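The structure appears below as structure tokens.
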Amino acid sequence: MIRAAIVGLGWWGRTIVDTVQGKSNKITFVAGNTRTRSKAEEFCRERKIDLRDDLDAILQDPSIDAVVYTTPHRQHEDHVKRAAQAGKHVYVEKPFTLDVKSARSALEAVKKAGVVLGIDYQRRFHPSIGEIRNRIKDGRMGKICFCIAEATAPGGLFLPKESWRTNPDETPVGAMTGIGVHLVDGFIDLCGEIDEVYCVNTRRAAPLVDDTTTVVLKHKNGVTSTILCSLATAPNYRVAVYGTGGLAETDRNLDTFRFFPAPDKPGHPPPAHPEVIENKGFNPVKAGLEAFAAAVDGTASFPISAEQIVHGVAVFEAIVQSAKTGQPAKVG
């Protein structure tokens, strides 16, 4: 059992804790640290988490194996370095950092310390996404032509003024930083590295943050993909991949995978009904944390590599640049 500390106990930090606390035999939270102690005392007391005022007290505790950070994005570089230098394994909320320079610096500290790094791109672990991945890799999708993904949520409509998530320095291209980076990572996983992006970013309804973003991506292998994300509407997460072998897609919450085969000869209509695989009730947040725990105890490697993490940050940087200029941007 991996003994972990949670640093940052806002809504997502609490979600992460409640995903595994008392429900996993691979990882548990024993300590915590947050900016405003009074807001987290009852939560930690109920879950038997030792709430500490000082991050150093966590990093210097030999009984703690790993630190999970759900902190503001610009703190990630320093937080990762401090944990690595203390010999703690690290799991970080997305985005990893906001620029490639800080990402490389943090990863170098991880490499030097020889600790495990995980990142909270939990949808990679969902079996519906895994089904798409497998069909791409084994050739059943044929040649990939185009992909589209949507991630939406209403959170931008309700952010309080004091939230760090309203700070444009922390959330440039708001909807992309908040949820769209999941889609970027997903397309890196499914379609390979990205060469160029073109972003249109708008504020349609949320009072304090840019809430709607569309990005067209050109992958190095020639595949094109489109991302739509919004923080001002109903929750949705859908991925669709179009190949010469057919269309593979998930429904709005990933519970259902569907495959529509393409005809293999002229005049041959596809089957009247798609192939359907149900994956209801799967918790990808728990799966991501347990994959990290498996990497810490040495039973498996964490499936998101350092190279993919850096490339994802480079794509994010290019998206921010494109949003500012209104022009396509090359990925560095």
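Listing for the model above:
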quantity: Per-region count, the stretch 82-96, residues open to solvent by 40 Å² or more (accessible area, probe 1.4 Å), farther than 20 Å from W164 by Cβ and not hydrophobic (A, V, I, L, M, F, W, C); calculated: 2
quantity: The stretch 133-155: number of residues that are aliphatic (A, V, I, L, M), under 20 Å from the mean Cα position of the chain (by Cα) and open to solvent by 30 Å² or more (accessible area, probe 1.4 Å); calculated: 1
quantity: Single residue of the stretch 156-180 satisfying the filter (over 20 Å from F96 (Cα atoms) and in contact with a helix residue (DSSP H, G or I) (Cβ under 7 Å, 6 or more places away or on another chain)) that is surrounded by the most Cβ atoms within 10 Å (Cβ to Cβ); calculated: G156
quantity: Some residue of the stretch 226-244 being out of contact with any His (no Cβ under 7 Å at 6 or more places or on another chain), without any contact (Cβ under 8 Å) to a residue 12 or more places away in the chain, farther than 21 Å from E307 by Cβ and not in a helix (DSSP H, G or I); calculated: no
quantity: Among the candidates R47, R35, residue that is of a type in the set (D, E, K, R), surrounded by 12 or more Cβ atoms within 10 Å (Cβ to Cβ) and out of contact with any Ser or Thr (no Cβ under 9 Å at 6 or more places or on another chain); calculated: R47
quantity: Count of residues meeting criterion [not small (G, A, S) and not in a helix (DSSP H, G or I)] in the stretch 112-125; calculated: 6
quantity: Options V215, V223, V200, V241; residue that is of a type in the set (A, V, I, L, M), crowded, with 17+ Cβ neighbours inside 10 Å and closer than 21 Å to K324 by Cα; calculated: V215
quantity: Residue identified as without any contact (Cβ under 8 Å) to a residue 24 or more places away in the chain and either within 20 Å of the chain's Cα centre (by Cα) or farther than 30 Å from G332 by Cβ (or both) among D61, D99, D78; calculated: D78
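The values are calculated or read from the model by the stated rules, or taken from the named source; none is laboratory data. Worth saying up front: this structure is predicted, and the values here are computed from it rather than measured. All Cβ positions, glycine included, derive from the backbone under ideal geometry; neighbour counts span all protein chains shown. Surface accessibility is based on the protein's heavy atoms, side chains included, excluding ligands, DNA and RNA. Shrake-Rupley method; radii C 1.70, N 1.55, O 1.52, S 1.80 Å.
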